[in-house]
1. Taking the stretch 147-165 as the search range and keeping residues that are of a type outside the set (A, V, I, L, M) and either modelled with pLDDT under 75 or surrounded by fewer than 22 Cβ atoms within 10 Å (Cβ to Cβ) (or both), which one is farthest from the chain's Cα centre (by Cα)?
2. Collect the residues in the stretch 99-121 that are part of a helix (DSSP H, G or I) and more than 17 Å from Val137 (Cα to Cα), keeping them in residue-number order.
3. Inside the stretch 37-54, can you point out the residues that are assigned to a helix (DSSP H, G or I) and surrounded by fewer than 16 Cβ atoms within 10 Å (Cβ to Cβ)?
4. State yes or no: is Ile64 surrounded by fewer than 19 Cβ atoms within 10 Å (Cβ to Cβ), out of contact with any helix residue (DSSP H, G or I) (no Cβ under 7 Å at 6 or more places or on another chain), closer than 22 Å to Ala44 by Cβ and modelled with pLDDT of 75 or more?
5. Among the candidates Ala192, Ala214, Ala171, Ala201, single out the residue that is touching a residue at least 24 places away in the same chain (Cβ under 8 Å), within 24 Å of Leu267 (Cα to Cα) and assigned by TED's automatic domain parsing to the domain that holds Leu267.
6. I'm checking my understanding of the structure. Among residues of the stretch 97-118 that are over 20 Å from Ala133 (Cβ atoms) and of a type outside the set (Gly, Ala, Ser), which one is farthest from the chain's Cα centre (by Cα)?
7. With the condition kept exactly as written, say whether any residue in the stretch 101-108 is among the polar types (S, T, N, Q) and more than 30 Å from Leu159 (Cα to Cα).
Amino acid sequence: MRLMASLRASSRSPLLQVLKTSVAAIIAWLLCVVTLGQPLPIFAAIAALLVVQPSVNQSLAKGIERSVGVIFGVVMAYAAGILFGNSSWIVLGIIVVSLLVAWALRLSPGSANQIPISAMLVIAIGANTPGYAIDRVIETVIGASVGLAVNAVIVPPVLLTPAHDSVVRLADKVADTLSSFASALRTPQTGAQLHAMLAAARELPGRSHSATDALVRADESLMLNPRRRRYRERLEHDRDLLETLGSLVTRVTGMARALHDNYDPRLVDDSFVASIAGELDRAAHDLRLLAYDAPTVEPAPITAELPALTAPLTIAPPDPDNWILVGSLLEDLRRVREVIIGEDAA
């Protein structure tokens, strides 16, 4: 079962990507049959299959990577054939030499693997097939070019929606955590509830890393993409929001630890603490507004009646009890407020 699980991806590729890959392989095959007269242009189809990637930028990189590997392999095979002939031990030697050359030139793994593969095929098959090496290079270039063109022309993939959703989900989770702090200051919490609150806060850094990775993929999907201009503003908005959320995640995680370690059920009877709970709700509210403040998304209408965090902090006169926790929450709340409304929190 574990072996089978390792063979399965966590999610399916879009069906459009499968269709684009199929179209690229078919076009590359037919183009080589017509232009080169090759009855079985396998290498063109292979190149097309490998080059159609989730983004145009990745397609270009993969096409260059494969073409460079093929050319290096062919050149090395020709040189080896001229110097040493085509005996079987040459095949083993060319593998070692190819890998060493790739290592010395610091080539990518794709190119490093392609060099010995191409060299072996040229030595093993090309010896009895005139023009095999040149045909292999031409086929590979045609296949890579077709794959790149198909990926760029047929609805170039733009990964902004998954990235945007990931950032907004992170903002919602941070807001939910702030709201849970407010609830803990209004309603007595059990040990299990406090532990669950801390565990939820500890998940935020991982969610932040996932959102960062999603934004990196989205940014990469716009490189060399004909539609990049219309999406650039949205990507910048999400990047700015994630930067804000990064500061909040660190702050909120510390607040969760302070509440967990210093919680006293008598806090719920303190009017001063009740004021802090109100400010936490306001922070959660404005964070959601900040997350949904995009041209294509509207905030949930139920938040319109909640107080705005941009109003001054309103805290009732303090009670002398629980000053360690209260002081910590006040300082964290001040910094959270500054981050959300864009003030300098230095």
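1. Per the criteria, the residue is Pro156.
2. First, pick out the residues of the stretch 99-121 that are part of a helix (DSSP H, G or I): 99-104, 109-121.
Those that are part of a helix (DSSP H, G or I) and more than 17 Å from Val137 (Cα to Cα): Leu99, Leu100, Val101, Ala102, Trp103, Ala104, Pro109.
3. Keep residues of the stretch 37-54 that are assigned to a helix (DSSP H, G or I), which gives 42-51.
The answer is Ile42, Leu49.
4. Numbers: surrounded by fewer than 19 Cβ atoms within 10 Å (Cβ to Cβ): yes; out of contact with any helix residue (DSSP H, G or I) (no Cβ under 7 Å at 6 or more places or on another chain): yes; closer than 22 Å to Ala44 by Cβ: yes; modelled with pLDDT of 75 or more: yes.
Criteria met by Ile64.
5. None of the others qualify; the one that does is Ala201.
6. Leu100
7. Within the stretch 101-108, the subset among the polar types (S, T, N, Q) is 108.
Among the residues that remain, those that are also more than 30 Å from Leu159 (Cα to Cα) are: none.
No - not one qualifying residue is present in the stretch 101-108.
Each row is one residue, and each column tells you yes or no for (1) farther than 19 Å from Ala211 by Cα; (2) part of a helix (DSSP H, G or I); (3) at pLDDT below 85.
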{"residue": "Glu233", "(1), (2), (3)": "no, yes, yes"}
{"residue": "Leu241", "(1), (2), (3)": "no, yes, no"}
{"residue": "Ser247", "(1), (2), (3)": "no, yes, no"}
{"residue": "Arg251", "(1), (2), (3)": "no, yes, no"}
{"residue": "Ser275", "(1), (2), (3)": "yes, yes, yes"}
{"residue": "Arg282", "(1), (2), (3)": "yes, yes, no"}
{"residue": "Pro307", "(1), (2), (3)": "yes, no, yes"}
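The values are calculated or read from the model by the stated rules, or taken from the named source; none is laboratory data. These figures come from a predicted structure and were not determined experimentally. Note: ideal-geometry Cβ built from the backbone for every residue, glycine included; neighbour counts use all protein chains shown.
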